[in-house]
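K.L.:
I'd like to ask you about the structure that follows.
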Amino acid sequence: MDEKGLSEVIGFILLLGVLVTAMALWMMYVVPANGREDEISQMNAIKDRFTDYKISLDSLWVNQRDDVTLSTSFNLGTGGGNTLASGLFLPLLKPIGSAGVLTIADNGDTITLSSAGGSTNMDMTKKMNILQYQSQNHYWLQQRYYYQDGGVFLSQDTGSTARVSPPISIVNNSATTVSAFSVAVTVSPITLDGGASIGGNGPVRVDSRLKTLSPQLGPEKKYWVNISVNVQDYNAAQMWNATLNDAAANGGITNKTWYRSGTSLPGVQPATAYMYVIGPYDDSTHPDVWLTIQPAEYAVTFNNIASGLM
């Protein structure tokens, strides 16, 4: 009898050991994998929401609708561990819900446009305020998506990149005769007016309204046009330099003597990226750069959204 009782105890202990081992393996491998998948899906959703936001704001100034307020909803986190777990052990078997912080702020970045020639002074400096989402992931790398000057950008440990280019075009506007060769530079400096920050893992509504649209300047022929962007760090300056070069390449400008571009030296703060557009002729003898500027300014506010109704 004693041996039979002992064997049952040993069997129970072995079974308990198997269960504990299985739970440990699940928590070590399956939970992080599920959490990583949740956070990757969340960041892809954030990217899509910023793209939608950019398209919505562009539609307002393109159609000159300053009487319309557009709303975009952002989910700040996955929230899986907070909503799906229950009981004694289930919280351990579910990924911890991630969170995020949505911010609208003036971080000091600016875009400066300068030119020479023509009858109109079109020089200006505009703030490039940002709407940004900073992740607070537990299983995936930290990412920062942000909307700035009409573009959507991604910043992470490996650097920065433009997901959606800002409304800056540098186009080969040449005709069939050499005397008509020219470049068309069109820039839309976009400013966001607002200051707020919301963190957590629930939904947030972003309301945006176009203020009175500034009159378009140009098109007017200039001897040269310079686009200069001042940003917080060298990585961002490199990204803007690549963005400006992409604009020239996409515009069919294959002759690189028509422009110069570059950045400030590493370690210089604020960092600068620039593009100096000369056009096909010497920058002081022949006005061959058409410049058009369409500034736009938006009022942006945040609102919490109730995640559930009783």
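K.L.:
Pick from Leu93, Leu25, Leu57: which residue has the top mean-square fluctuation in a GNM of the chain where Cα pairs under 10 Å get a spring?
P.N.:
Leu25
K.L.:
Another question, then. May I ask for the Kirkwood hydrodynamic radius of segment 95-248, worked out over all distinct Cα pairs and given in angstroms to one decimal?
P.N.:
Hydrodynamic radius (Kirkwood, Cα pairs) of segment 95-248 is 17.8 Å.
K.L.:
On a 0 to 90° scale, report how tilted helix 2-25 is relative to the longest principal axis of the chain, with both axes built from alpha carbons and the result rounded to the nearest 10.
P.N.:
0 degrees
K.L.:
Hey, another quick one. Give, in whole angstrom and from largest to smallest, the semi-axes √(5λ) of the equivalent ellipsoid of the chain, with λ running over the eigenvalues of the Cα gyration tensor.
P.N.:
The answer is 54, 22, 14 Å, longest axis first.
K.L.:
Determine the gain in length on full extension of the stretch Glu8-Thr125; use 0.36 nm per residue of separation and subtract their C-alpha separation, reporting nm with one decimal.
P.N.:
34.0 nm
K.L.:
What is the distance, in nm, between label points placed 7 Å from the Cα along the Cα-to-Cβ direction at Thr112 and at Ala162?
P.N.:
2.0 nm
K.L.:
Once amide H atoms are placed 1.01 Å from N in the peptide plane, what residues at a sequence separation of 5 or more from Met128, or on another chain, have their amide H within under 5 Å of its amide H?
P.N.:
The list, which skips near neighbours in sequence, is Asp109, Thr110, Ile111.
K.L.:
While we're looking at this one, here's another question. What ranking do 231-242, 114-125 get when scored by the average of other Cβ atoms within 10 Å per residue, highest first?
P.N.:
With the highest mean Cβ count within 10 Å placed first, the list reads 231-242, 114-125.
K.L.:
Pulled fully out, how much extra length does the chain show between Asn303 and Tyr29, if you take 0.36 nm times their separation in residues and subtract their Cα-Cα distance?
P.N.:
Using 0.36 nm per residue and subtracting the Cα-Cα distance, I get 94.9 nm.
K.L.:
Got a sec? How would Met128, Met28 order by Cβ neighbour count within 10 Å, fewest to most?
P.N.:
With the fewest neighbours first, Met128, Met28 line up as Met28, Met128.
K.L.:
Of the beta bridges DSSP finds with both residues in the chain, what % are antiparallel, to the nearest 5?
P.N.:
90 percent
Laboratory data are not the source of any read-out in this text; all were calculated from the coordinates shown. All values reported here derive from a predicted model rather than from experimental measurement. Ideal geometry is used to build each Cβ from the backbone, glycine not excepted, and the neighbour counts take in all protein chains shown.
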